[in-house]
1. With a Förster radius of 22 Å, plug the Cβ-Cβ distance of residue 383 and residue 276 into 1/(1 + (r/R0)^6) and report the FRET value to the nearest 0.05.
2. Would you please give the residues with an amide H less than 5 Å from that of residue 436, counting only those at least 5 places away or on a separate chain, with H modeled from the backbone geometry?
3. Sorted by mean Cβ packing within 10 Å, highest first, what order do the peptides 84-92, 38-46 take?
4. Would you please give the FRET efficiency between residue 152 and residue 363, computed as 1/(1 + (r/R0)^6) with r the Cβ-Cβ distance and R0 = 45 Å, to the nearest 0.05?
5. Quick one: if you stick a label point 7 Å off each Cα along the C-beta vector at residue 439 and residue 39, how many nm between them?
6. Going by average Cβ neighbours within 10 Å, how do the peptides 496-503, 511-518 rank, with the highest at the top?
7. To the nearest Å, what is the center-to-center distance of the stretch 356-377 and the stretch 459-502, using C-alpha atoms only?
8. Using label points projected 7 Å from each Cα along Cα→Cβ, tell me how many nm separate residue 159 and residue 426, to one decimal.
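The values are calculated or read from the model by the stated rules, or taken from the named source; none is laboratory data. Just so you know, these numbers come straight off a predicted model, no measurement behind them. Cβ placement follows ideal geometry from the backbone for every residue including glycine, while neighbour counts extend to all protein chains displayed. Note: accessible area is taken over every heavy atom of the protein model, side chains too, but ligands, DNA and RNA are not part of it. Shrake-Rupley method; radii C 1.70, N 1.55, O 1.52, S 1.80 Å.
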Amino acid sequence: MKEISPGFSSYNARQIWWADVATFSGYVARSQAVKQAGQAKVDLAVLLGSDAGFTVQSGNSLQGLLNHGYSYNLLSEALLQQPSAVVSDGVLAADGPNYRALILRQVTQLSVAAVQKITDYARRGLPVILYDCDVTRVYGTNQPGNNDTLLAAAVAKLTKLSTVSTATPEAEVLAALDRRRISPAASYHVPNLEATRRQTRDASYYYLFNAGTTLAAPAEAGATGIRLVSTAGLSPGDTLLVDVADDQETVTVAAIPTPAPAAPAANVALVAPLSKAHAGPAAALGPWGVPKGAVVSSLAGQKVTLRGDGVPYLLDAWTGQITAIAEYTTGPGTVTVGLDLEPRDAVIVALVTNAPKRAHVTALAGGEAVYTRKGGLLHRAYVPGSYTASLSNGRRRTVTVRSVPDVLSLPDGWSLELQSWGPDPAANAVDPTASAKTTVTFAGVTLGVWDDLPATSAHLAKLGVDGMGQVSGVGRYSRSFHLPTAWARAGAILYLRHRDDMVVRVRLNGAVIEDVDQFTDRVDVGDHLRIGANTVEVTTDTTLNNRMGDFDNPDKIWAGGASGAQTYGLTGVRLIPYVTSEVL
């Protein structure tokens, strides 16, 4: 059987999700618009040795710096010869990235000219840190003007300067930066969070990506430790989010054993036992060879302090919506916001200098603060209680929420219209990429994977498959539900769970939501609910993976797909209610 990549890997009209590609392409376009706006501002320049500059660099070589908010660019010594590579007022390339320090990372080979250039930088006030360096050789053969003897003399001059520091473990790099009061533009201590900053005349844009990690072994409920693929940058006291959706829980790191125990023993000790079980990598790899272990996020509402003045806005790259952040604090030239960020997801925060300032929440004891469309302040509560908000105008407001409706789960009673994509013998004689589309329906469905649908022999014959595990296509789920009067003051977040497919559309009482965040699968539907009868529809697209065949034998359908079977299906739908109260 030929190895063919699954559907998402080919960006063309033969894909099932092509009609909904605007969601993905819009996300990419909006993200790139921000990441290419204005001028990149980067905290640190990291210089590679002459030999390393010719090799491909992959991964994060200074994860500890990233975990504290520092951003950095990797440079080769050739870049030091660029006209813009000059130091003024103690910074490198002030009109460009504005590097505030230069780190030589594990360098063993440099040219004499490069060391002389770095010495000139240091004399002009640029802090230089030699991290785990032993610069003893020039690259290539010794030549007059560029040889090991001259190099040693140049390095000796460099290391005598007061602006030059040495560091061996990465922690000493952080200490050296701290001594010189070089703080990152985005300041935090969150493992696996990475920051990128762009500066325009009127705003600072921060793109924050939660790289997360995954479980390297299954974790049982009650376990006091977990095995992670990477513990880079983790410290005791760090808060982690393990897994997603209904299986998610918050844990606190108690210790990182050193040396790390052999797999599959836990390499992270927890303050309290796990309350739930979590999956490790599957025996069979998922699409593109990626293990299906439970994801681990490092972001659970931590505060992030951003350099810049102005009003903070949240830019949603999925929908294009721009929302003023209602809870934040300010300091001298900084704005601090709280962020919740799913694993592998990103958020964009803009600090806009010319935006009108209005009263905002500076501290809140539970729940969340949001602005109305007209600029009023609201408190959103998910559980009953009294909540006190401190405001930027010096006032304090307490709101009391006496009741919040129960969470509404919709596990069954669904109608499913499944449009299967498969071979079209007549069309394939002309165009082998064309797909025949065959629709079957199921009534009274309990949410779950397509493999478990109550398909009859007539269904399978119509679809031309031996089992539902061989089906790829579009799932259109619909269901009615009733909301009692207890929901009169309530809105809700629609939480969706699914497998290896993607939610591309939600329709609630006729209102269509086209752009669904593919990382959170959450939709605020508060404006669309009504007391009494409601109707919700959810549409999912799959890849072509499970319906791909052995093209040497076109009559055969290969249930395993091209790179291992995927699992499709909407598996959970819940409405999480909230009650809003006026704050200001």
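1. With R0 = 22 Å, the Cβ-Cβ based efficiency is 0.60.
2. Hits under the 5 Å cutoff: 422, 424.
3. Top of the packing list down: 38-46, 84-92.
4. Between residue 152 and residue 363 the formula returns 0.20.
5. Going by the 7 Å Cα→Cβ label model, 5.7 nm.
6. Top of the packing list down: 496-503, 511-518.
7. The stretch 356-377 and the stretch 459-502 have Cα centres separated by 35 Å.
8. 8.1
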